[in-house]
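Below is one structure, written out as structure tokens; the observations come after it.
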Amino acid sequence: MTYFFYIHTIGVPLFFLVLTVITGRLEKRMVWQYGEPGPQPPYPDPSRYGERWAYGALLSGFRPLGWAADPRTPHYRQNYGFFVSPEGDCLVVVCAGHIFKLKSQSTTIYTATTDGKVYYTTDKLNGMQIDLLGHWMNQLAPVKTLPELLKRHRDLLQDKKAIAQLFPPGKEMDEFKRMRSERYGVMARHGLIVYKDRMDTYWHFTLWGALRYTFVNFSIGFVRVLTNGYVFRCV
């Protein structure tokens, strides 16, 4: 009885932690994981998750920027929908699809601020990646609609007294790409990741980065799930 107790309470979680560290160390990831945007989602979405959240964005006055596929085909069959707020302060990314056989769904609202930070709010835990350097601050808000997610996001910005840096009209995707490239560049300079090609397109964690990311991400994510996102609200 005691033997099986230790296996389930210690052995299983430890196995997945070690597996996550190894995956983070070896998996080749992309700085810019989106293809060229088009007018329609490239893949069917039987769950209609993407459709529902896209409709919520349109009802909230967001302007569509297009739908892109994940270029890591054939195993990453994901649709990415992009929308920008009327004020130009929020960029929404709706993700719907599958990674191998696993369902992948999340909606995330991004806002860059004048102090060089980026705040983002997402409805699913798999839609976030803890920034070990504290430049990209995220919030989990497991709500059901885009207006609810937007309210939680704007409440966070107000609480943090954050001043938004508007996305330039007509160049929102270029700015979002620049933001992501800058993020990973900072991580590389701090020894958390290394690039895999000369164009700085692909990267993976260093051993130190994989260890830190795994334990920080797991700990914070576990507490967030238990508290519905209210503990470790913004990290």
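The values are calculated or read from the model by the stated rules, or taken from the named source; none is laboratory data. From a predicted model like this one, the values you see are computed outputs, not experimental measurements. As a convention, Cβ positions derive from the backbone with ideal geometry for all residues, glycine included, and neighbour counts pool all protein chains shown.
What to note about this one:
- Of all the residues in the stretch 159-194, those that are closer than 16 Å to Tyr34 by Cα and not in a helix (DSSP H, G or I) number 1.
- Every residue from the stretch 138-151 that is among the aliphatic types (A, V, I, L, M) and crowded, with 19+ Cβ neighbours inside 10 Å: Leu140, Ala141, Leu146, Leu149, Leu150
- Given (1) in contact with a Cys (Cβ under 9 Å, 6 or more places away or on another chain); (2) under 21 Å from Pro71 (Cβ atoms); (3) modelled with pLDDT of 95 or more; (4) not aromatic (Phe, Trp, Tyr), number of the condition Met137 does not satisfy: (2)
- One residue alone among Phe15, Phe82, Phe5 is at pLDDT 95 or above and of a type in the set (Phe, Trp, Tyr), and that residue is Phe82.
- Any hit, the stretch 55-68, residues being aromatic (Phe, Trp, Tyr), surrounded by fewer than 17 Cβ atoms within 10 Å (Cβ to Cβ) and either under 21 Å from Asp200 (Cα atoms) or at pLDDT 95 or above (or both): yes
- Restricting attention to the stretch 152-178 and to residues that are of a type in the set (A, V, I, L, M) and under 16 Å from Gly116 (Cα atoms), the residue that is surrounded by the fewest Cβ atoms within 10 Å (Cβ to Cβ) turns out to be Ile163.
- Checked against (1) modelled with pLDDT under 95; (2) farther than 23 Å from Lys144 by Cβ, Gln40 meets all criteria but (1).
- Condition check for Phe215: assigned to a loop (DSSP other than H, G, I, E, B) and under 19 Å from the mean Cα position of the chain (by Cα): no
- Among the residues listed as Tyr230, Tyr213, Tyr184, the single one being modelled with pLDDT of 95 or more and of a type in the set (Ser, Thr, Tyr): Tyr184
- All of (1) modelled with pLDDT of 95 or more; (2) surrounded by 19 or more Cβ atoms within 10 Å (Cβ to Cβ) hold for Gly24 with one exception: (1).
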